[in-house]
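The values are calculated or read from the model by the stated rules, or taken from the named source; none is laboratory data. Small disclaimer: the values here were computed from a predicted structure and weren't measured. Note: ideal-geometry Cβ built from the backbone for every residue, glycine included; neighbour counts use all protein chains shown. Keep in mind that these areas ignore ligands, DNA and RNA; they rest on the heavy atoms of the full protein, side chains included. Shrake-Rupley method; radii C 1.70, N 1.55, O 1.52, S 1.80 Å.
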Amino acid sequence: VASVQVQLVVPMAVVFGPGSVPGDLPRPLPFRDVQEMEISVNLRSSVTARYEMLYRSTTGQEEAALAAATAREADAALHPLQDTTLGSLTTYVVPETSSLLPQGINVYVGKHRSALVRAGGSLAALQARLREVTQVMSFTASSIAAALSDRVPDGQLSPDARRYLKSSLGYEITFSLLNPDPKSHTVDWDIEGAVNRYVKPVLDKLSLVANFSVDSQILYYAVLGVTPRYDKESSSFLLSAHSLPHVINPVEARLGSSAASLYPVLNFLLYVPERSHSPLYIQDKDGAPVSTNAFHSPRWGGIMVYNVEAPASPQASLPLHVDVDMARVMEVFLAQLRLLFGLSREEVPPEFLLESPGNEGLADWELDHLLWAHTVENIATVSTTLTSLAQLLDKIGNIVIKDDVASEVYRAVASVQSAVTELSLGHLHAAFQASKEAVTSSERAFFDPSLLHLLYFPDDQKFAIYIPLFLPMAVPILLSLVKIVRETRQRKKEPTKMD
C-alpha cells in the first residue's frame, strides 16, 4: 500500500478556427493524439500526466462565437458550447493575425475551462503553447510535488510548497477584529454583510473541495506582542519583515479558535493599532512599505493593519468612531485565502492574459487545479494511514480487529482503487469524491478506540503484571508438590515387609 502509482488523464479538445490550421498537421482533422509527462516524486511514488487531445475544426456556432469583438465576449459565448466536465480543457486556436487577443498576448485563459491560443505557424510552435496552457490550467509538476510534499525530499520542493494548506475534509475560517485601545477607538465592522457579499460566493464555489464554516469575533486589549519602531522621517511606526513571525504567537494565544476544532483553522485578523503606535506600517525585506499593509503566514492565515486617520482637531472627543471599509479589507483577505490554497497567479508566463474570476473569487479551471492536487494528496494520505495501521497490527500480535474496523479498511482500499481508476479515465470529480471517502474510512479505522495500543500488552508486560500476584500463592503449592514427590520416592525405596 505504501507506494503510490497514479495516472492523471486530462481530456482536452483543440479546436481550430477558420484560417488557423497549421500546414504541417500529420493527418486530416479530426484526429486524436496523446502526450505524456512523467512527474518525478520518489522511488515509491510515480505520477504520470496523460493529455488525451482531440484535434478538430470549429462548428458553425463556435465560429460565430469566435467572431466576437473581444476575447472576454468570445469566452462568454463559447462557454455554453464546450465540455464543462471537471478536469477537461478546451483550447480554441485563432489565426496568428487575430485581433481577438491583444498585442503581445498569445494565450487568453477564460473564467471557465477554455483558452484562446494563437496558432503559432507550425504544429510544433502550437504544441509548445498548448503545453504551457495545460500547465497553467490543470496542474504543474510543482503543484503535484507540493501535494505529495511528505514524500518529496526537501531539496526538490519549491519554497511555496509548504505554504499551501494540507487537504482536509473541512476548514474553519475565523475573522477577528483586534482593538487594543478601546478607550481611543470604537470600531464598527459589518462582518456579516462582508462575508455574505465577498466570502460566501468564493466558499460556495469551494464547497466542492471541502466543507467551510465561518465565524467572527472582536478582541479588546489584544496587542501584537512586538513593539514597532518609530521612524522620525515619516512620523510613523514600522514593523519590519523579520519581526513579523513574532507577532503570531502572542495573538494566537488570545484567539482560542483552534483548541476545539476538528479541522484546520484559517485566521484572518484586522488590527487597528492603538493611538500611541499610529500610524503603523509593515515593511518588506528590502525596507519598502507593503502596499496592502498586510502579511500572511503559511498554513495559518493573515493579518492586516488598519490605520485610523488622526482627528483634525487635537480636542476631538475620545473614543473616535471608526467605520471599517470592508471592501478594502476583504480584497486583502480573499487574496490571502487564494495564496493559502495555492491559487496565486504570479507564475504565469508573460504572454498569457488571465481573465479575472469576478465575484466568485476563482475560475472553474482554478477549482480543477485544487481538485487535482487534493485528489493526489488524499490518495497518498490514505496509503500512509493504512501502512501505519498495518505496521501497528504487526507489532501487536494479540490485537483484536473488530468487524467494523475491518470493513472500514476494506472500504478505504476499495475507494482508493476506485479513485486511481477514475483518474486514469479522466473523471476528476468521481476520483475526488472516492479519495474523500477513502480518507474518511481510513481515519475511522486508524482512530478506532478498540485499536488503542494501550489496551493490548506484550507478553513480557503480562508476566511483569501477573507474577507478583500469583507468586505468593504459588510458593506453598510448589513446596507441597516437592514434599509429595519426596514422600513418593521414599516409599518406593523402603523394602516391603514379608510375613
Checklist entry - What order, most packed first, do the peptides 199-207, 279-287, 427-435 have when packing is the mean number of other Cβ atoms within 10 Å of each residue? => result 427-435, 199-207, 279-287
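Based solely on its DSSP helices, what 222 nm [θ] is calculated for the chain when runs of n ≥ 4 H residues each add -39,500 (n - 2.57) and the sum is averaged over all residues, nearest 500 deg cm²/dmol? Mind showing how you got there, number by number?
Values: 12 runs with 182 residues, N = 499.
One gets -12000 deg cm²/dmol as the mean residue ellipticity at 222 nm.
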Checklist entry - Hey, with R₀ at 60 Å, roughly what FRET efficiency would E331 and T488 work out to, going by the Cβ-Cβ distance, to 0.05? => result 0.05
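Taking 0.36 nm per residue of separation and subtracting the Cα-Cα distance, what length does fully extending D24 through S317 add?
Numbers: separation 293, 0.36 × 293 = 105.48 nm, distance 7.81 nm.
Length difference between fully extended and current span is 97.7 nm.
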Next on the checklist: Can you classify the chain as rounded, prolate or oblate using the Cα gyration tensor, where a ≥ b ≥ c are the square roots of its eigenvalues, rounded means a/c under 1.5, and otherwise it's prolate if a/b beats b/c and oblate if not?
Outcome noted: oblate
Checklist entry - According to a simple spin-label model (label point 7 Å from Cα along Cα-to-Cβ), what is the distance in nm between Y410 and M473? => result 4.1
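May I ask you to list the trypsin sites (Lys or Arg not before Pro) in segment 27-77 that are in a DSSP loop and have at most 15 other Cβ atoms within 10 Å of their Cβ? Don't jump to the answer; show the numbers that get you there.
Values: sites: R32, R44, R50, R56, R72; in loops: R44.
In loop regions of segment 27-77 (DSSP not H, G, I, E or B), the sparsely surrounded trypsin sites (Lys or Arg not before Pro) are R44.
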Checklist entry - Which net charge results when you count Lys and Arg as +1 and Asp and Glu as -1 among the other residues whose beta-carbon is under 12 Å from that of S88? => result -3
Checklist entry - What residues qualify as long-range amide H neighbours of A119, i.e. H under 5 Å apart, gap of 5 or more or another chain, H built at 1.01 Å from N? => result V94, E96
Item to check | Kirkwood hydrodynamic radius of segment 170-341, Cα pairs, Å | outcome: 16.9
Checklist entry - Too long at a 29 Å Cα-Cα cut-off: which of K200/K436; K183/K285; K205/K402; K183/K205? => result K183/K285; K205/K402; K183/K205
Next on the checklist: Could you tell me the calculated FRET efficiency between Y230 and E192, based on Cβ-Cβ distance and R0 = 35 angstrom, to the nearest 0.05?
Outcome noted: 0.45
Item to check | Between 0 and 90°, nearest 10: helix 123-137 axis offset from the chain longest Cα axis | outcome: 60
Checklist entry - Cα to Cα, under 17 Å, and not fewer than 8 places away if on the same chain: which lysines meet these conditions relative to K462? => result K395
Next on the checklist: Give the lysines whose C-alpha is closer than 18 Å to that of K493, dropping any in the same chain fewer than 8 places away, or say none.
Outcome noted: K483
Checklist entry - Roughly what angle does helix 364-395 make with the longest principal axis of the chain, taking Cα atoms, 0 to 90 degrees, to the nearest 10? => result 10
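Have a look at the DSSP beta bridges in the chain and tell me what percent are antiparallel, nearest 5.
Details: 22 of 77 bridges.
For the chain, the DSSP antiparallel bridge percentage is about 30.
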Checklist outcome for this item: Karplus ³J(HN,Hα) for segment 180-195 (6.51 cos²θ - 1.76 cosθ + 1.60, θ = phi - 60°; Hz, whole; x = Gly/Pro) runs x, 9, x, 5, 9, 10, 9, 9, 10, 9, 8, 6, 5, x, 5, 5
Checklist outcome for this item: Going residue by residue through segment 430-437, the Karplus relation 6.51 cos²θ - 1.76 cosθ + 1.60 with θ = phi - 60° gives ³J(HN,Hα) values, rounded to whole Hz and with x marking Gly or Pro, of 5, 5, 5, 4, 5, 5, 5, 4
Checklist outcome for this item: For segment 367-455 (alpha-carbon point model, no solvent) the Debye-based log₁₀ I(q)/I(0) at q = 0.23, 0.24, 0.25 Å⁻¹ works out to -1.01, -1.08, -1.14
Next on the checklist: If I fit a long axis through the Cα atoms of helix 245-255 and take the longest principal axis of the Cα atoms of the chain, what angle between them do I get, 0 to 90°, rounded to 10?
Outcome noted: 70
Next on the checklist: Whole-Hz ³J(HN,Hα) for each residue in segment 480-492, computed from phi via Karplus 6.51 cos²θ - 1.76 cosθ + 1.60 with θ = phi - 60°, x for glycine and proline: what do you get?
Outcome noted: 4, 4, 4, 5, 4, 4, 4, 4, 5, 5, 5, 4, 5
Next on the checklist: With the crude spin-label approximation of a point 7 Å out along Cα→Cβ, what separation in nm comes out for S46 versus A310?
Outcome noted: 6.8
Checklist outcome for this item: Excluding ligands, DNA and RNA, the carbon-plus-sulfur percentage of the accessible area of segment 367-455 with a 1.4 Å probe reads 60
Checklist entry - How big is the charge dipole of the chain about its Cα centre, in debye rounded to the nearest 20, if each Lys and Arg gets +1 on its Cβ and each Asp and Glu gets -1 on its Cβ? => result 2260
Checklist outcome for this item: Rounded to whole Å², per residue accessible area for segment 170-341 with a 1.4 Å probe reads 50
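Provide the gained length on full extension for the span A77 to K200, in nm with one decimal, where the gain is 0.36 nm per separating residue minus the Cα-Cα distance.
Working: separation 123, 0.36 × 123 = 44.28 nm, distance 2.65 nm.
Taking A77 through K200 to full extension adds about 41.6 nm, to one decimal.
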Next on the checklist: Per-residue counts of other Cβ atoms within 10 Å, averaged by peptide: what ranking do you get for 192-198, 436-442, 418-424, highest first?
Outcome noted: 436-442, 418-424, 192-198
Item to check | Simple spin-label estimate for D459 and T70 in nanometres, 7 Å along Cα-Cβ | outcome: 7.9
